[in-house]
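Data first, discussion second: the structure below is written as structure tokens.
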Amino acid sequence: PGPRLHETIPHFHDARARFEQLGAAAKADEHGRLAGCRRDFEFVLAREELVARSQALRGGLPERVTHNDTKINNVLLDDATSEGVCVIDLDTVMPGLSLYDFGDLARRAASPVAEDERDLAKVRVDPRLFEALVAGYLRGAGAALLAIERDELLFASQLMTLPLGMRFLADHLAGDRYFRIRRPGQNLDLARTQRPLVSDDAVWK
């Protein structure tokens, strides 16, 4: 408890804002890249109901202090024991939803392949990994969560995966201005790996 934290990056996990940013990037098409990723753009447009659902959740869940960039390389591990020592990269810590942190963690950790894997047939949600993440998260944070937060952990992963895919795709269309890339087309590959994770019927249905 304490005063509300400053929102260091306004609308960071605002799915509607990300949806609109992608639409603006596609309309501008400054680098003539839209033709090469039209199906990726249409995939997002066809899932606007997920954007609407995420907006509804923001009004029904309690505001928490969240890290907002939950991934294994933001945890320092003890060389000898492999136990977690502390969380780092705190510039994104600000008000948010518990679903943001769990969803982003699951998006990264429940898929067994690299985030920019080009063979989309390999990209999937591993149910065993996902179940382990849920169990571990509830073991650590479950007592602090409301029932409605626990009930939405499954949707949390979609909630975080689709907007990030939008961000990668928008950055590709805008000329790779935000995300640091190591090779041409990497942002598009990153956007495309989010698609099977969003629509993995084996897990989400």
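The values are calculated or read from the model by the stated rules, or taken from the named source; none is laboratory data. Since the structure is predicted, the reported quantities are computational estimates derived from the model, not experimental observations. Note that we place each Cβ from the backbone using ideal geometry, even for glycine, and neighbour counts take in every protein chain shown. Heads up: the accessible areas ignore ligands, DNA and RNA and are worked out on the full protein's heavy atoms, side chains in. Shrake-Rupley method; radii C 1.70, N 1.55, O 1.52, S 1.80 Å.
For (1) open to solvent by 50 Å² or more (accessible area, probe 1.4 Å); (2) of a type in the set (Gly, Ala, Ser), each residue gets a yes or a no:
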| site | (1), (2) |
| --- | --- |
| Asp29 | no, no |
| Ala46 | yes, yes |
| Glu49 | yes, no |
| Gln55 | yes, no |
| Arg58 | yes, no |
| Glu63 | yes, no |
| Asn68 | no, no |
| Lys71 | yes, no |
**Criterion: open to solvent by 60 Å² or more (accessible area, probe 1.4 Å) and assigned to a helix (DSSP H, G or I) - qualifying residue of Leu129, Leu133, Leu159, Leu169** = Leu129
**Message:** Against the condition open to solvent by 10 Å² or more (accessible area, probe 1.4 Å) and within 15 Å of the chain's Cα centre (by Cα), how does Phe179 come out, does it pass?
**Reply:** yes
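Could you list all residues from segment 172-190 that are part of a helix (DSSP H, G or I) and without any contact (Cβ under 8 Å) to a residue 24 or more places away in the chain?
The first filter runs over segment 172-190 and keeps only residues part of a helix (DSSP H, G or I), leaving 172-174, 186-190.
Scanning segment 172-190 gives a single hit, Asn187.
Determine whether Ile148 is touching a Gly at 6+ places or on another chain (Cβ under 9 Å), more than 28 Å from Arg39 (Cα to Cα) and modelled with pLDDT of 90 or more. Don't jump to the end; show me each part of the working.
Numbers: touching a Gly at 6+ places or on another chain (Cβ under 9 Å): yes; more than 28 Å from Arg39 (Cα to Cα): yes; modelled with pLDDT of 90 or more: yes.
Here the answer is yes, as Ile148 does meet what is asked.
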**Fill in**
Per the filter on segment 141-156, residues small (Gly, Ala, Ser) and open to solvent by 70 Å² or more (accessible area, probe 1.4 Å) are Ala143
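Quick one: which residue in Arg139, Arg150, Arg195 is charged (D, E, K, R), part of a helix (DSSP H, G or I), more than 23 Å from Asn74 (Cα to Cα) and free of Cβ contacts under 8 Å to residues at least 60 places away in the same chain?
Details: Arg139 fails: more than 23 Å from Asn74 (Cα to Cα); Arg195 fails: free of Cβ contacts under 8 Å to residues at least 60 places away in the same chain.
Answer to the check: Arg150.
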**Request:** Could you grab me the full set of residues in segment 105-115 that are open to solvent by 30 Å² or more (accessible area, probe 1.4 Å) and either over 29 Å from His6 (Cβ atoms) or assigned to a loop (DSSP other than H, G, I, E, B) (or both)?
**Result:** Pro112, Val113, Ala114, Glu115
**Message:** Here is a list: Phe41, Phe102. Which entry is under 29 Å from Ala141 (Cβ atoms), hydrophobic (A, V, I, L, M, F, W, C) and open to solvent by less than 40 Å² (accessible area, probe 1.4 Å)?
**Reply:** Phe102
**Asked** Only one of (1) in a strand (DSSP E or B); (2) touching a residue at least 60 places away in the same chain (Cβ under 8 Å) is not met by Val85, so which one is it?
**Response** (2)
**Request:** Would you tally the residues in segment 57-82 being in contact (Cβ under 8 Å) with a residue 12 or more places away in the chain and under 16 Å from the mean Cα position of the chain (by Cα)?
**Result:** 10
**Asked** What residue, among those in segment 4-20 that are part of a helix (DSSP H, G or I) and touching a Pro at 6+ places or on another chain (Cβ under 6 Å), is most open to solvent (accessible area, probe 1.4 Å)?
**Response** Arg18
**Item:** Odd one out for Arg124 among (1) open to solvent by 50 Å² or more (accessible area, probe 1.4 Å); (2) in a helix (DSSP H, G or I)
**Value:** (2)
**Item:** All positions within segment 13-35 that are free of Cβ contacts under 8 Å to residues at least 12 places away in the same chain, of a type in the set (A, V, I, L, M) and within 17 Å of Leu159 (Cα to Cα)
**Value:** Ala17
